[in-house]
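Trainee: One structure follows; several queries about it will come next.
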Amino acid sequence: MAISWTRPDIRAPLRPSLDFIGGTRLQFELDCTKPENCKPIDLAAVREVLDTQGLAGSSIQVIGKEQQGLSLRTKTLDVEQRTNLQTALSEKIGDFAPQSTQIDTVGPTLGKQLFTSGLLALLVSFAGITAYLTFRFQLDYAFFAFVAVFHDVLVTLGVFSFLGLVQGLEVDSLFVVALLTLIGFSVNDTVVIYDRVREVIKLNPGLSIDQIVDDAVMQTLGRSINTTFTTLLTLFSIFLFGGETLKYFALALIVGFIAGSYSSIFVASTLLAWWRSRTGHSIPVPAEGINQSEEV
């Protein structure tokens, strides 16, 4: 993410899509029904055309196994500018297949609004989860659940930042939806363990917090693994067969759900036990019926 931030073509922890920064995205594919067109696209020729059109700072990506597709992201272009650019590229590198041509335009104002709304949604979800868990359990429970959720989001962001560097993968508004979904999933897993911790405390109040958390995790481990596994079956199906629109949405959920299952068991509950031991709450509730003198 730090490397992405220093890259002049990204300047952000993740490579943002058109949804967030606005502009025009043009995607072309050479018309291979004409034999003279079936050749890899020359990036130098594409850059030369963009320079002559006043679009020198645009993002260029050759796509397709045979490198016969072209994806461009430029500043916002009107109809005439888009037509001139397409004509100039056709003259330089070959004719494009009309059915494969895609042109999308998002205004910079709308892109900024989408980014702001997505960030606000994430912040509100974090605040709401922390407040709810504080009310239902205690503040330290809520804090370590927050740490676990933050871990899941950070892992997912890191994976997509890496993919943005090596594959040019961009994140769009669906990525924000995926983050909100995995936040809910991760918290659900953590709450199940926390509920079991509370039940073990009531049944065995004299146990140390380490033993209580260990018992709670072991009692919920099978449930957590089965839930994650069955969910991943569906997500892998969407990733493999759902088409380009949902492919990376499913990938974000796959990464996040795996991280969420890990963090609920090894981050939230473990940190809770560590904190309670450090603060002298290793035995959270004294055994009923034992008075102070008997306890001594």
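Trainee: Does region 102-110 contain any residue that is of a type outside the set (A, V, I, L, M, F, W, C), assigned to a helix (DSSP H, G or I), modelled with pLDDT under 80 and within 29 Å of Ser173 (Cβ to Cβ)?
Mentor: yes
Trainee: Considering each residue of region 233-269, count those that are closer than 28 Å to Ile209 by Cα and aliphatic (A, V, I, L, M), and give that number.
Mentor: Number satisfying all stated conditions: 5.
Trainee: Is one or more of the residues making up region 229-250 in contact with a Ser or Thr (Cβ under 7 Å, 6 or more places away or on another chain), at pLDDT 90 or above and either not hydroxyl-bearing (Ser, Thr, Tyr) or not in a helix (DSSP H, G or I) (or both)?
Mentor: No: region 229-250 contains no residue that is in contact with a Ser or Thr (Cβ under 7 Å, 6 or more places away or on another chain), at pLDDT 90 or above and either not hydroxyl-bearing (Ser, Thr, Tyr) or not in a helix (DSSP H, G or I) (or both).
Trainee: Something else about it: May I ask you to list the residues in region 29-42 that are hydrophobic (A, V, I, L, M, F, W, C) and in contact with a helix residue (DSSP H, G or I) (Cβ under 7 Å, 6 or more places away or on another chain)?
Mentor: Within region 29-42, Leu30, Ile41 meet the criteria.
Trainee: Here's something else I'd like to know. Could you run through region 94-145 and say how many residues are among the charged types (D, E, K, R) and more than 30 Å from Ala45 (Cβ to Cβ)?
Mentor: The qualifying residues number 3.
Results for (1) touching a residue at least 12 places away in the same chain (Cβ under 8 Å); (2) outside any helix (DSSP H, G or I); (3) at negative phi; (4) surrounded by fewer than 16 Cβ atoms within 10 Å (Cβ to Cβ), shown as yes or no for each residue.
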site	(1), (2), (3), (4)
His151	yes, no, yes, no
Leu157	yes, no, yes, no
Gly164	yes, no, yes, no
Leu169	yes, yes, yes, no
Val176	yes, no, yes, no
Ile183	yes, no, yes, no
Asn188	no, no, yes, yes
Val192	yes, no, yes, no
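Trainee: Further, regarding this structure: Could you tell me whether region 210-222 includes any residue that is surrounded by fewer than 20 Cβ atoms within 10 Å (Cβ to Cβ), touching a residue at least 60 places away in the same chain (Cβ under 8 Å) and not small (Gly, Ala, Ser)?
Mentor: Within region 210-222 (the criterion being surrounded by fewer than 20 Cβ atoms within 10 Å (Cβ to Cβ), touching a residue at least 60 places away in the same chain (Cβ under 8 Å) and not small (Gly, Ala, Ser)), the answer is yes, since at least one residue qualifies.
Trainee: Return the pair list, or none, for Cβ contacts closer than 9 Å from residues in region 135-146 that are over 10 Å from Arg276 (Cβ atoms) and assigned by TED's automatic domain parsing to the domain that holds Val192 to residues that are modelled with pLDDT under 90 and basic (Lys, Arg), at least 6 apart or on different chains.
Mentor: Phe137/Arg198; Ala142/Arg136
Trainee: Taking region 66-109 only, how many residues are under 23 Å from Glu36 (Cβ atoms) and acidic (Asp, Glu)?
Mentor: Residues that pass the stated criteria total 3.
Trainee: Next up: Scan region 242-265 residue by residue and report those that are under 14 Å from Phe150 (Cα atoms) and of a type in the set (S, T, N, Q).
Mentor: Hits for region 242-265 are Ser261, Ser263, Ser264.
Trainee: Please pick out the residue among Leu169, Leu180, Leu154, Leu163 that is touching a helix residue (DSSP H, G or I) at 6+ places or on another chain (Cβ under 8 Å), modelled with pLDDT of 90 or more, under 15 Å from Ala252 (Cα atoms) and not hydroxyl-bearing (Ser, Thr, Tyr).
Mentor: Result: Leu180 is the single residue among Leu169, Leu180, Leu154, Leu163 that is touching a helix residue (DSSP H, G or I) at 6+ places or on another chain (Cβ under 8 Å), modelled with pLDDT of 90 or more, under 15 Å from Ala252 (Cα atoms) and not hydroxyl-bearing (Ser, Thr, Tyr).
The values are calculated or read from the model by the stated rules, or taken from the named source; none is laboratory data. Computed from a prediction, not measured in an experiment: that's the story for all the values here. Neighbour counts run over all protein chains shown; Cβ positions are idealised from the backbone, glycine included.
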